[in-house]
1. Could you give the distance between the Cα centres of segment 71-129 and segment 132-155, to the whole Å?
2. Of 24, 181, how do they rank once you tally other Cβ atoms within 10 Å and put the fewest first?
3. Ranked from highest to lowest mean number of other Cβ atoms within 10 Å per residue, what is the order of the peptides 52-58, 17-23?
4. With runs of 4+ DSSP H residues as the only contributors, calculate the mean residue ellipticity of the chain at 222 nm using -39,500 (n - 2.57) per run, divided by the residue total and rounded to the nearest 500.
5. On the Cα set of the chain, report Rg and Dmax in Å, please.
6. Most exposed first by the Cβ proxy, i.e. fewest other Cβ within 10 Å, how do 89, 79 rank?
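Each value in this text was obtained by applying a stated rule to the coordinates, not by laboratory testing. Just so it is clear, the structure is predicted and the values come from calculations on it, not from any experiment. Here Cβ is always computed from backbone atoms with ideal geometry, including for glycine, and neighbour counts include all displayed protein chains.
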Amino acid sequence: MTPPHDLHEQRRRWRQAPRTRPETIVVPGPGQQSVWDFPRPPRIEHVARPVRVEFAGVVVAQTDRALRVVETSSPPCYYLPREDVEVGYLEASASTSFCEWKGIARYLSLRVGERRALDAAWTYPDPDPGFEALRDHLAFFPGRADACFVGDERVRAQQGPYYGGWITSELVGPFKGEPGTEDW
């Protein structure tokens, strides 16, 4: 995928597009975080807990050096260093997507034995300025792997076919990706 021809103009429009907010935003309690307190543009954060991805009975990725990207209205996406991923279980995909903040993402499928999960992970081989820390990291869709964990907690997948957010118990929403959230 190549970026849109008028990339700078499209980015400007995307970044300035009016966004609606839901009528009911959950107020976070002690030890909770609201995705509505996350920034836009997104921010990269270091993760203090171990992160693990399982598929077909195999730990395909595990690290204590994960990064997460937090952005208004969405559960964080977790990025694991490539050297902490069992890359022998990954197959390149022809799929790509474009993020106005991070750049062009390339997708990878998971294959363990006869089991395959199409486009289960993505990476930014040449991330845009401000997101260089994501280079050589992979993110996994928790709904396409069998299980993803932050610490000992099994995460829930963000709804919607496009989003790869990891929902943990300390997050409150509502979350983008649920029906009716297209304008958030």
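1. If we compute the Cα centre of each part, the gap is 9 Å.
2. 24, 181
3. Most protected by this proxy first, the peptides run 52-58, 17-23.
4. -1500 deg cm²/dmol
5. Cα-based Rg and Dmax for the chain come out at 16.2, 47 Å.
6. Exposure proxy ranking, most exposed first: 89, 79.
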